[in-house]
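See below for the structure under consideration.
Read-outs: derived from the displayed coordinates by stated rules, not from any lab. Since the structure is predicted, the reported quantities are computational estimates derived from the model, not experimental observations. Don't worry about glycine lacking a Cβ; one is built from the backbone with ideal geometry, like all the others, and counts go over all protein chains shown.
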Amino acid sequence: MKQQYVYLSAILSALYIFSFCLSANASENSKKPNILIIMADDLGYGDLSCMGGTDIQTPNIDNLFSRGMHFTNFYANSTVCSPSRASLMSGCYPDKIGVPGVIRTHETDSWGYLLPSVITLPQVMKPANYKTVMIGKWHLGLESPNLPNDRGFDFFKGFLGDMMDDYQTHLRHGNNYMRLNNQVITPEGHATDLFSEWSVDYITNEQKSEEPFFLYLAYNAPHFPIQPPVEYLERVKKREKNSSENRVKNVALVEHLDDGIGRVIKALEKSDQIKNTIIIFTSDNGGYLPSGASNGNLHGGKQDMYEGGIKVPACIVWKDMIKPGTETGNLALTMDLYPTLCDIAGVGIYHPIDGISLRPTLEGRPQVTDNRVVYWMRREGGSYGGLCYYAARLGQYKLLQNTPFEPFQLFNLDTDPKEYIPLDQNSQYYKDLLYRLSQHIRETGNIPWQK
């Protein structure tokens with residue numbers, strides 16, 4: 001069965017290559033921008049100084065926001081890791097592609113299996129002569145055919161699992177999920193430093209290449225366990241004397257992440273590739289409050305369908321193409337990055353997806369993005385009983401529940417951005433969103449999410 005999955009994926013990739021080559025001209029490679037996607041893990045909406053954090057210093061990420069377009073209304077596709085990452089790779093809602101929940105080591109507590117028929121973002125980039133590279137946290141499969149090299153990446157160096165039990169040992173449940181392509185490796189050092197160093201090495205080695213690269217850099221930080229290097233922890237302790245221990249540790253881990261990202265950006269500058277590189281920065285979901293994260297003024301955090309669980313920091317930088325220091329309030333989701341990058345790279349999409357291209361917004365042209373109903377979901381075990389819970393939004397109206405066992409609530413985000421005043425369940429907005437959500441659930445009801 002695994003061989004059939006691999007063959008199917010190979011056939012789909014071949015079809016893309018064939019269709020692209022009918023119209024593509026290899027001489028245009030130099031005109032195509034490099035692509036760098038940087039994804040943080042569980043980064044809180046208020047855990048950047050440019051997002052209003054007063055007890056945190058993130059100059060390198062702040063610099064990215066000042067050099068490009070800040071999306072003030074950007075959402076992860078789920079309130080937990082795997083589903084959002086699946087949406088980035090597919091341009092689709094996660095429950096449409098077999099990943100409604102977190103993929104884990106133990107089958108009895110794993111709630112997703114990426115469908116073999118999914119055509120991933122690196123797969124569609126390859127026919128455009130992009131070198132496809134992933135460094136960092138994968139979290140979409142622990143074995144073939146759902147390993148990074150199976151799903152379109154030419155090169156992978158990173159971590160396959162959901163989280164590390166220790167940032168230094170890199171183990172999860174005693175398993176070593178660190179890989180160089182399909183080879184088990186045992187690198188030494190803090191995971192954030194390793195992922196940054198490996199990215200710097202790759203970017204430096206690419207400076208003379210005539211082919212563009214697509215680099216997906218996915219950090220584990222600041223996901224728990226909150227383990228910043230000692231020097232960062234001591235620095236924040238001295239500076240933030242009135243903060244709790246949890247908060248100090250979280251701030252230190254984010255500041256360590258910021259330094260790593262700064263080194264990656266400096267590598268682009270030093271190799272003179274910054275001027276032709278699109279840089280995207282975002283997070284896979286909101287900050288986890290028990291770990292000391294801050295989601296600013298938003299209600300809730302990771303695992304909630306409130307804004308604090310799904311609204312995330314995001315910016316896109318492209319020198320001389322995106323006006324520096326700009327902001328947009330247009331609604332955008334992780335899944336929109338797939339068609340946006342394909343649009344910019346001149347790659348056609350010949351299969352159904354749910355995301356929309358944000359290129360008009362990036363170019364400063366008018367674009368309406370909130371006239372669509374958007375959905376969030378998470379399936380989970382334990383106290384959630386293996387069930388799914390949901391949210392849906394149209395315009396300023398948002399319908400949500402935070403467990404499968406509580407009734408839906410409707411909020412008007414324009415008048416109640418903190419989601420404290422539920423609207424009448426008899427309102428037409430409530431009924432309309434609940435019906436639309438029911439149709440989404442009906443549509444995805446026959447999508448397998450188990451191996």
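If you add up the charges near Val312, with Lys and Arg at +1 and Asp and Glu at -1, over every other residue whose beta carbon is less than 14 angstrom from its beta carbon, what do you get? Charge balance in the 14 Å sphere: -4. Here is the tail figure for segment 244-300: Cα pairs spaced more than 15 Å apart come to 63 percent of all pairs.
So between Ser244 and Arg263, what do we pick up on full extension, going 0.36 nm a residue minus the alpha carbon distance?
Gain in length upon complete extension: 3.9 nm.
Size of segment 139-287 from its Cα atoms: along the principal axes, largest to smallest, the extents are 51, 39, 28 Å.
Checked against a 26 Å cut-off, the cross-linked pairs Lys157/Lys237; Lys96/Lys323; Lys32/Lys266 give Cα-Cα distances beyond that limit for Lys157/Lys237; Lys96/Lys323. Segment Lys208..Lys237, full-extension length gain: 6.1 nm, with 0.36 nm per residue of separation and the alpha-carbon distance subtracted. Summarised in one figure, the compactness ratio Rg/Rh of the chain, Cα atoms and Kirkwood Rh, is 0.94. The separation of segment 173-240 from segment 96-111, counted between C-alpha centres, amounts to 24 Å.
Kindly state, to the nearest 0.05, the FRET efficiency for His351 paired with Val230, given R0 = 45 Å and r defined as their beta-carbon distance. Calculated value: 0.40. Once the Cα-Cα distance is subtracted from the 0.36 nm per residue extended length, the Gln57 to Ser383 segment shows a gain of 113.7 nm. Note on Gln450 and Thr72: their simple-model spin labels are 4.6 nm apart, each label 7 Å out from Cα toward Cβ.
Bridges between two residues of the chain, per DSSP, are antiparallel at a rate of about 50%.
Pairwise Cα separations in segment 374-444 fall into 10 Å bins from 0 onward with the following percentages, short to long: 21, 52, 25, 3. Size descriptors for segment 22-163 (Cα atoms only): Rg and Dmax, in that order, 17.1, 54 Å. In this calculation the C-beta distance from Asp320 to Ser117 is compared with R0 = 41 Å, giving a FRET efficiency of 0.60.
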